[in-house]
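Asks: A single structure is presented below for examination.
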Amino acid sequence: MSTLTIPKLADELFLRPIVISMNSLALSTLMSYVMSANGSIDWRPITICVTSDILAMGADHLKDKEEEFSSDCNDTNDPRLASWFIYARTFLAASAVLLALALSQCPISTLLTTAAFVAPALLWTTPISFKKFTLISRRLLGRFGEDKHQPSASAPVLVIKRIPGMKAIFNGIIRGCGIYTVVLSVLSGSGNLTNTLPSPWSVVQLMVWSTVNRSCHAIMTDVRDFEDDMKAGVPTIPVLLGSILKTKVILTACHMLVMLAFIENPYIMGSCVFAAALVWILGKHSPKKAFLFSSHSQSLFIIWYLLTRQYLQL
């Protein structure tokens with residue numbers, strides 16, 4: 001186990017959640033802009049998406065680092081390391097306050113939508129036991145008749161993270177479809193939803209592009225940890241395929257299919273080419289920070305589009 005240091009804590013608890021959430025910032029800004037009837041940018045869905053991203057990722061990292069911290073007696077006696085966990089909780093609490101503020105200004109449908117997409121992310125590494133559900137069902141059955149079944153000694157425990165392929169699926173759906181649904185609920189609730197998106201965008205483009213891009217990025221991070229996951233038996237996509245090369249071929253094919261499907265959109269085309277190039281540039285020996293480029297293969301081209309629109313309006 002690697003030794004905890006202040007730079008490592010700062011990276012895991014602050015830098016990574018902030019940098020990754022910047023993709024949600026860019027994507028929610030784009031969707032808010034192209035989906036609004038008056039071409040304005042609504043701060044509410046952007047705040048909801050960014051803070052939800054920080055909370056989900058930050059809470060996951062905080063839990064992992066606290067377990068690592070408490071397992072080493074040398075770390076627990078270091079007050080400087082302990083203070084960083086206080087800073088991290090304060091950071092997450094501030095994000096939660098901003099999220100609550102934004103949700104308070106939105107219709108109830110936005111709250112329900114956000115909860116539906118954020119809850120699985122928050123339960124990502126939480127063991128979900130079916131024992132309580134079994135006990136409740138037996139008690140309910142006992143009200144209507146004699147329960148002759150004996151309670152089982154053990155019940156299955158589900159950890160979402162351990163389900164093969166769920167990391168990629170969840171990342172794609174939450175950050176692709178989830179962001180679109182949040183923006184849709186906010187704009188429709190305020191009567192500012194456009195009927196037709198400006199060229200070259202469409203609803204299908206936004207959802208498919210975002211979902212595939214985020215899913216592929218999640219798989220790319222598993223490429224980095226291929227050897228460790230193989231030894232630990234973690235069922236990631238590269239481990240299931242048994243080869244980094246096969247994984248890269250499939251990821252490249254996914255990006256190219258999206259590019260060909262929406263080849264009329266230069267921003268999606270450029271993003272897909274850039275993402276495919278990163279698939280082959282990055283590998284298991286690349287530093288972790290290098291993989292942050294993979295998370296922003298969308299962001300750069302979204303910024304390009306927004307700057308182009310701003311220039312044309314001058």
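The values are calculated or read from the model by the stated rules, or taken from the named source; none is laboratory data. Not measured: the values here are computed from a predicted model. Positions of Cβ are generated from backbone atoms using ideal geometry, with glycine treated the same way; all protein chains shown enter the neighbour counts.
Asks: Can you name the residue in the stretch 1-39 that is in a loop (DSSP other than H, G, I, E, B) and hydrophobic (A, V, I, L, M, F, W, C) and, of all such residues, is surrounded by the most Cβ atoms within 10 Å (Cβ to Cβ)?
Replies: As a first pass, look at the stretch 1-39 and keep what is in a loop (DSSP other than H, G, I, E, B): 1-5, 37-39.
Subsequent filtering for residues that are hydrophobic (A, V, I, L, M, F, W, C) retains 1, 4, 37.
Numbers: Met1: 6, Leu4: 19, Ala37: 13.
By that ranking, first place goes to Leu4.
Asks: Can you pull out the residues in the stretch 12-24 that are farther than 15 Å from His217 by Cα and either free of Cβ contacts under 8 Å to residues at least 40 places away in the same chain or not assigned by TED's automatic domain parsing to the domain that holds Val186 (or both)?
Replies: Result: Leu15, Ile18.
Asks: Give just the number: which of (1) assigned to a loop (DSSP other than H, G, I, E, B); (2) small (Gly, Ala, Ser); (3) modelled with pLDDT of 90 or more does Ser188 not satisfy?
Replies: Of everything listed in (1) assigned to a loop (DSSP other than H, G, I, E, B); (2) small (Gly, Ala, Ser); (3) modelled with pLDDT of 90 or more, Ser188 misses just condition (1).
Asks: Now, a different point. Would you mention how many residues in the stretch 275-286 are part of a helix (DSSP H, G or I) and surrounded by 19 or more Cβ atoms within 10 Å (Cβ to Cβ)? Before you say what the answer is, go through the steps one by one.
Replies: We begin by selecting, within the stretch 275-286, every residue part of a helix (DSSP H, G or I); these are 275-281.
Okay, now just the ones that are also surrounded by 19 or more Cβ atoms within 10 Å (Cβ to Cβ), so 275-276, 278-279.
Residues flagged as part of a helix (DSSP H, G or I) and surrounded by 19 or more Cβ atoms within 10 Å (Cβ to Cβ) within the stretch 275-286 amount to 4.
Asks: Please go through the stretch 63-72 and give me each residue that is part of a helix (DSSP H, G or I) and surrounded by fewer than 20 Cβ atoms within 10 Å (Cβ to Cβ), ordered by number.
Replies: Within the stretch 63-72, Lys63, Asp64, Glu66, Glu67, Glu68, Phe69, Ser70 qualify.
Asks: Among the numbered criteria (1) in contact with a helix residue (DSSP H, G or I) (Cβ under 6 Å, 6 or more places away or on another chain); (2) crowded, with 17+ Cβ neighbours inside 10 Å, which single criterion is violated by Met230?
Replies: It is condition (2) that Met230 fails.
Asks: If you don't mind, another one. For the stretch 290-314, name all the residues that are in a helix (DSSP H, G or I) and either without any contact (Cβ under 8 Å) to a residue 60 or more places away in the chain or assigned by TED's automatic domain parsing to the domain that holds Asp11 (or both).
Replies: Residues of the stretch 290-314 that are in a helix (DSSP H, G or I), as a first pass: 290-295, 299-313.
Matches in the stretch 290-314: Ala290, Phe293, Leu300, Phe301, Trp304, Leu307, Thr308, Gln310, Tyr311, Leu312, Gln313.
Asks: Could you check how many residues of the stretch 99-112 are under 12 Å from Ser52 (Cα atoms) and in contact (Cβ under 8 Å) with a residue 24 or more places away in the chain?
Replies: Adding up the residues that qualify gives 3.
Asks: Now, a different point. Going residue by residue through the stretch 44-53, is there one that turns out to be part of a helix (DSSP H, G or I) and more than 23 Å from Pro120 (Cα to Cα)?
Replies: Looking through the stretch 44-53, none of the residues is part of a helix (DSSP H, G or I) and more than 23 Å from Pro120 (Cα to Cα).
Asks: Also, quick follow-up: How many residues does the stretch 246-271 hold that are within 18 Å of Leu300 (Cβ to Cβ), assigned to a helix (DSSP H, G or I) and in contact (Cβ under 8 Å) with a residue 40 or more places away in the chain?
Replies: Within the stretch 246-271, residues that are within 18 Å of Leu300 (Cβ to Cβ), assigned to a helix (DSSP H, G or I) and in contact (Cβ under 8 Å) with a residue 40 or more places away in the chain number 6.
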